[in-house]
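**Student:** Got a structure here, written out as structure tokens. Questions coming.
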Amino acid sequence: MPLYHLRCAYRFTNGQSGLAIDAQRFEASDIKGAIQEARLLSADQPDMTLESAILSTNDGSTIWSLMRDARPETSTESVLPWAIS
């Protein structure tokens, strides 16, 4: 199965400055499955909220991203068209 890379940045909810960075690798049968897994893995953490997430293929091509603003209604999710065709 193909290998995918998920990189997430989290902001502390207790007012602490800075970001925490998390990087994970996982396998998925296809790109759609990888995007579904990335959505699950990039959930908010205890005492932290997701700032951004980027999913890429093993060769470094970005296939999905999620950027959150301070207000959830202004979040932007992007899936590259070639990734799901």
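**Student:** Could you work out the relative contact order of the chain, using alpha carbon pairs under 8 angstrom and six or more residues apart, expressed as a whole percent?
**Tutor:** 28
**Student:** Quick one: Kirkwood hydrodynamic radius for the range 3-79, alpha-carbon pairs, angstrom, one decimal?
**Tutor:** Evaluated over the range 3-79, this radius sits at 12.8 Å.
**Student:** Which one, Ile21, Ile31, Ile63, has the greatest fluctuation when you compute a Gaussian network model over the chain with C-alpha springs under 10 angstrom?
**Tutor:** Ranking Ile21, Ile31, Ile63 by mean-square fluctuation puts Ile21 first.
**Student:** Under a crude label model (7 Å from the Cα following the beta-carbon direction), how far is Leu41 from Ser29 in nanometres?
**Tutor:** 1.8
**Student:** So, in nm, how far is label Ala20 from label Asp69 when the simple model puts each one 7 Å beyond its Cα toward the Cβ?
**Tutor:** Placing both labels 7 Å beyond Cα along the Cβ direction yields 2.6 nm.
Each value in this text was obtained by applying a stated rule to the coordinates, not by laboratory testing. Computed from a prediction, not measured in an experiment: that's the story for all the values here. Positions of Cβ are backbone-derived with ideal geometry, glycine not excepted, and every protein chain shown enters the neighbour counts.
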